[in-house]
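The values are calculated or read from the model by the stated rules, or taken from the named source; none is laboratory data. Everything numeric here is computed off the predicted structure, so don't read it as measured data. Counting neighbours? That spans all protein chains shown, and the Cβs are built from the backbone with ideal geometry, glycine included. Heavy atoms of the whole protein, side chains included, go into the accessibility calculation; ligands, DNA and RNA do not. Shrake-Rupley method; radii C 1.70, N 1.55, O 1.52, S 1.80 Å.
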Amino acid sequence: MPDPAAPTAEDEVVDICRDLIRIDSSNYGDGSGPGEREVAEHVAGLLSEVGLEPEVFESADRRTSLVVRWEGEDPARPGLLVHGHLDVVPAEARDWTHDPFAGEVVDDCVWGRGAVDMKDMDAMVLAVVRQWRREGRRPPRDVVLCFLADEEAGGKFGAHWVVDNHPGHFDGVTEAISEVGGFSFSVGDERVYVVETAQKGIRWLRLVAEGRAGHGSMVNDDNAVTALAEAVARVGRHEWPVRMTPTVARFLEEMGDVLGIEVDLSDPEPALSKLGTLARIVGATLRNTAAPTMLRAGYKQNVIPQSAEAFVDCRFLPGFEDELLATIDELIGPDVRREEVITDIALETTFDGPLVDAMVAALRAEDPGARVVPYCLSGGTDNKSFSLLGIRGFGFAPLRLPADLDFTGMFHGIDERVPLDSLRFGTRVLDRFLTTC
Ligand SMILES: [Zn+2]
């Protein structure tokens, strides 16, 4: 018999989110941060309070993740993974209106680093699970809850490590939900919820030119700096062609319908200009990209160095990795070589099936008239790692947002914050979703 005085998910979610934000888990990408141990132990405590016993792992000192299987009514059914990362990108307090690690509530929002990426979703999941446990409810199938270190630096000490070292926790799991999807944006008076069904892949490349070292006063027709600069300029100036993937095509068609305009899939830019802040995300999913980001060469102004190197951040659409590399090779030419720095896969799944139906139904039950559409993320999430176990991942961290909030700008931005109402809405949607998942 549930205790009528026990808090519900909607009661708890705001405080859980604030507590998570107050534990600084900044990830600088070089291991110099505080690590995730403290926040992971806090989460483990919230779960063990309601009788779940998570297994806690450290991939390196203080790089902590945890996982627990919550047994469902029908353990014979394939499991669902609900995962969230515990780290955040760093924040410079002096740039912020409110302390990024204080978890203050101001203007009906929780402020702080992680408020949208993604301690909000962590808190919503924890709040719902805690309520269900108190009420003795079980999900219809096994749900594996996993909270991870190191997402913001590619997951080497988080999702990748857990998948490589403890894959048994995910036996029988076929689907997953996590961050960067399920939120709303407004077009006219329609609210559109985007579910992430695809992600671009990553190729961080180093370009290296080698030449003949020598005195800067001499004639030198084999100057590594010159060769590298030419190659970098060609890469940076290249206009990558539009490549339409099924996810982006579906998204643009739905948007055309909302806006009442004809979208030309071979020339989608005009439609994009009507999407406001979401155009930033969607624009980058129309094509491969390659952005030169760092240059390194030489040590003295009158010495021609023997080599020069540049770093390029390349992102490819699902199915267009080969084209990306072939184009880069053509642009840099035979005298500059490329080396891999970081590589990760692209993902794409279809927007259909019972799990998608459950997402759509849960959103529409809480926001009648909601339009739910798939989209492609230009970045990446831990879904990439879990896909290596054959798990089909979605971005579904439901939030109904005010029309005037620049939500996509808050990811890694200053003054990151989430409305209290959005958190409470999210717990209601997750509750419905888990009931029918
Ligand atoms: Zn994130």
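Against the conditions (1) open to solvent by 20 Å² or more (accessible area, probe 1.4 Å); (2) assigned to a helix (DSSP H, G or I), residue 43 satisfies every one except (1). Looking across segment 136-181, the residues that are of a type outside the set (D, E, K, R) and within 13 Å of the ligand (Cβ to nearest atom) come down to 147, 148, 149, 153, 154, 155, 158, 159, 178, 180, 181.
Results for (1) open to solvent by less than 50 Å² (accessible area, probe 1.4 Å); (2) within 30 Å of residue 216 (Cα to Cα), shown as yes or no for each residue.
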| site | (1), (2) |
| --- | --- |
| 292 | no, yes |
| 300 | no, yes |
| 316 | yes, no |
| 322 | no, no |
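Can you tell me which residue is surrounded by the most Cβ atoms within 10 Å (Cβ to Cβ) among those in segment 375-390 that are near the ligand (Cβ under 10 Å from one of its atoms) and not β-branched (Val, Ile, Thr)? Checking each candidate, the answer is 382.
Name the residue that is farthest from the chain's Cα centre (by Cα), counting only residues in segment 72-91 that are of a type in the set (A, V, I, L, M, F, W, C) and either within 14 Å of the ligand (Cβ to nearest atom) or not in a strand (DSSP E or B) (or both). Step by step, filter segment 72-91, then rank; the result is 76.
Residue 177 satisfies every condition listed in (1) free of Cβ contacts under 8 Å to residues at least 60 places away in the same chain; (2) touching a helix residue (DSSP H, G or I) at 6+ places or on another chain (Cβ under 9 Å) except (1). Looking at residue 122, is it of a type outside the set (S, T, N, Q), out of contact with any Ser or Thr (no Cβ under 6 Å at 6 or more places or on another chain), in contact (Cβ under 8 Å) with a residue 60 or more places away in the chain and within 16 Å of the ligand (Cβ to nearest atom)? Judged against the criteria, residue 122 is a match. Scan segment 184-198 for residues that are over 15 Å from residue 378 (Cβ atoms) and open to solvent by less than 10 Å² (accessible area, probe 1.4 Å) and the total you get is 4.
Residue count for segment 101-119, restricted to those that are out of contact with any helix residue (DSSP H, G or I) (no Cβ under 6 Å at 6 or more places or on another chain) and either within 16 Å of the ligand (Cβ to nearest atom) or modelled with pLDDT under 95 (or both): 4. Every listed requirement among (1) away from the ligand (no atom under 16 Å from the Cβ); (2) out of contact with any Cys (no Cβ under 7 Å at 6 or more places or on another chain); (3) not in a loop (DSSP other than H, G, I, E, B) is met by residue 266 save one, (3). Scanning segment 99-112 for residues that are assigned to a loop (DSSP other than H, G, I, E, B) and open to solvent by less than 10 Å² (accessible area, probe 1.4 Å) yields 100, 103, 112. Taken over segment 120-160, residues that are in a helix (DSSP H, G or I), open to solvent by 10 Å² or more (accessible area, probe 1.4 Å) and out of contact with any helix residue (DSSP H, G or I) (no Cβ under 7 Å at 6 or more places or on another chain) amount to 5.
If you go through segment 168-184 and keep only what is part of a loop (DSSP other than H, G, I, E, B) and in contact with a Pro (Cβ under 8 Å, 6 or more places away or on another chain), you end up with 172, 182.
Is it the case that residue 64 is touching a helix residue (DSSP H, G or I) at 6+ places or on another chain (Cβ under 8 Å) and either without any contact (Cβ under 8 Å) to a residue 24 or more places away in the chain or hydroxyl-bearing (Ser, Thr, Tyr) (or both)? When the stated conditions are applied, residue 64 passes them. Residue 436 passes every criterion in (1) open to solvent by less than 10 Å² (accessible area, probe 1.4 Å); (2) among the polar types (S, T, N, Q); (3) more than 16 Å from residue 196 (Cα to Cα) apart from (1). Screening residue 64 against (1) open to solvent by less than 80 Å² (accessible area, probe 1.4 Å); (2) over 14 Å from residue 145 (Cβ atoms); (3) in a helix (DSSP H, G or I) leaves a single unmet condition, (3).
Residues that are part of a strand (DSSP E or B) and farther than 20 Å from residue 384 by Cα were ranked within segment 316-356; the one that is farthest from the chain's Cα centre (by Cα) is 336.
Residues in segment 281-322 that are out of contact with any Gly (no Cβ under 7 Å at 6 or more places or on another chain), of a type in the set (Asp, Glu) and over 19 Å from residue 232 (Cβ atoms): 322 alone.
Output yes when any residue across segment 403-426 is open to solvent by 30 Å² or more (accessible area, probe 1.4 Å), more than 23 Å from residue 88 (Cβ to Cβ), assigned to a helix (DSSP H, G or I) and in contact (Cβ under 8 Å) with a residue 60 or more places away in the chain, and no when none is. The answer is no, given that none of the residues of segment 403-426 is open to solvent by 30 Å² or more (accessible area, probe 1.4 Å), more than 23 Å from residue 88 (Cβ to Cβ), assigned to a helix (DSSP H, G or I) and in contact (Cβ under 8 Å) with a residue 60 or more places away in the chain.
Just one of 51, 103, 114 is over 25 Å from residue 401 (Cβ atoms) and touching a residue at least 24 places away in the same chain (Cβ under 8 Å); which is it? Spell out how you get there, then give the answer.
Values: 103 fails: over 25 Å from residue 401 (Cβ atoms); 114 fails: over 25 Å from residue 401 (Cβ atoms).
Within the list 51, 103, 114, the selection yields 51.
The number of residues in segment 214-266 that are open to solvent by less than 30 Å² (accessible area, probe 1.4 Å) and free of Cβ contacts under 8 Å to residues at least 60 places away in the same chain comes to 4.
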